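Everything below concerns the one structure shown next.
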Amino acid sequence: MIKIFIFGITGKIGKLIIKLIKINKNFIILGGINKMNLFFFKIKKYKNIFLNMKKNGVLIDFSDSFLIKEILLISIKYKLPLIIGTTGFNLLKLKIIKKASKNIPIIISYNMSIGINLINLIISNINIFLIKFNFDSYIIDIHHNKKKDIPSGTSLMLSSKIKKNNILSLRIKNIIGNHIIYIISNYEIIKIEHFVINRKIFILGILYSIFWILNKKKGCFSMYDVFF
């Protein structure tokens with residue numbers, strides 16, 4: 001049985017992980033903590049849980065970017081694989097994550113849905129032709145109005161694969177996530193769109209990640225590695 005500990009357990013994704021993992025006999029949630037209580041987090045209090053997780057244990061982080069140092073310390077100390085779905089990391093924190101991955105396996109992804117990662121794969125493969133035929137690209141990033149990071153981590157991920165692009169971010173009520181890519185020349189327009197209709201798609205990606213990372217010793221990976 002795979003043992004799970006969740007940072008950000010009371011958030012939208014954290015609650016959904018609990019709901020879906022409870023009905024799966026392959027997993028057991030040994031504990032979790034919400035991001036507010038991480039300010040006062042004491043490793044000693046959870047020591048026995050982390051020791052119990054050394055075999056078939058995985059840490060999952062959907063908390064807040066400013067807490068990543070503490071989470072990495074726990075992961076390294078107890079040699080536990082870490083799946084990071086938190087967004088909003090600056091370059092310094094990304095370097096810290098990369099450095100930590102020399103000791104532990106880490107999956108970091110701004111979007112764990114299968115569809116977005118398929119789009120990421122597609123645009124990675126066609127980018128050379130977009131340059132050759134002088135296409136410009138525009139990414140529209142639409143999310144609910146409680147989302148903190150603007151632009152979204154997903155739009156930045158997609159943007160990194162396309163030369164000559166611009167991002168427009170909109171925050172509109174209850175939209176979970178909608179990304180539209182316009183690829184435009186003087187003579188034609190290509191439109192690629194991804195719309196999330198249920199957050200369960202992110203949990204499916206997390207489940208794939210859990211099974212995949214258990215066999216890894218160290219390294220920094222993405223959902224591209226998991227899916228493809």
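None of the figures in this text is laboratory data; all of them are computed from the coordinates on show. Here the structure is a predicted model, which is why all the values come from computation and not from measurement. Cβ placement follows ideal geometry from the backbone for every residue including glycine, while neighbour counts extend to all protein chains displayed.
Residues whose amide H comes within less than 5 Å of that of GLY57, counting only those at least five positions distant or on another chain, are LYS3 (H built at 1.01 Å from N in the peptide plane). Remark: the chain projects, on average over all directions, an area of 12.7 nm² (convex hull of Cα atoms). What's the long-distance tail for region 123-172, i.e. % of Cα pairs beyond 14 Å? The calculated P(r) of region 123-172 puts 51 percent of pairs beyond 14 Å.
A simple spin-label model places pseudo-atoms 7 Å from Cα toward Cβ; at LYS25 and LEU92 they are separated by 4.9 nm. Here the Debye sum runs over all C-alpha atoms of region 1-132 as equal scatterers in vacuum, and log10 of I(q)/I(0) at q = 0.10, 0.15, 0.21 Å⁻¹ comes out as -0.37, -0.76, -1.33.
Remark: region 139-152, residue by residue, has Karplus-estimated 3J(HN,Hα) of 10, 9, 10, 10, 9, 5, 7, 9, 6, 7, 7, 9, x, 5 Hz, where x stands for each Gly or Pro and the curve is 6.51 cos²θ - 1.76 cosθ + 1.60 at θ = phi - 60°.
Largest first and in whole Å, the equivalent-ellipsoid semi-axes of region 142-228 read 27, 19, 12, each the square root of five times a Cα gyration tensor eigenvalue. Extension gain, ASN48 to ILE197, is 49.8 nm, computed as 0.36 nm per intervening residue step minus the present C-alpha separation. Karplus-derived 3J(HN,Hα) values for region 176-182, using 6.51 cos²θ - 1.76 cosθ + 1.60 with θ = phi - 60°, are 5, x, 9, 10, 10, 10, 9 Hz; glycine and proline are entered as x. The peptide list 185-197, 72-84, put in order of mean Cβ contacts within 10 Å with the highest first, becomes 72-84, 185-197. Treat each spin label as a single point 7 Å out from the Cα along the C-beta direction, and report the LEU156 to ASP225 distance in nm. Each label point lies 7 Å from its Cα, and together they span 2.0 nm.
Pull up the DSSP beta bridges for the chain and report the antiparallel fraction as a percent, rounded to 5.
Of all bridge pairs located within the chain, approximately 35 percent are antiparallel.
For ILE29, the residues whose amide H sits under 5 Å from its own are ILE4, ignoring neighbours fewer than 5 places away on the same chain, with H placed 1.01 Å from N. With contributions of -39500 (n - 2.57) from each DSSP H run of at least four residues, the per-residue ellipticity at 222 nm computed over the chain stands at -10500 deg cm²/dmol. When the trypsin sites (Lys or Arg not before Pro) in region 144-178 are filtered for DSSP coil states and for at most 14 other beta-carbon atoms within 10 Å of their beta-carbon, the remaining sites are LYS146, LYS148, LYS163, LYS164, LYS173.
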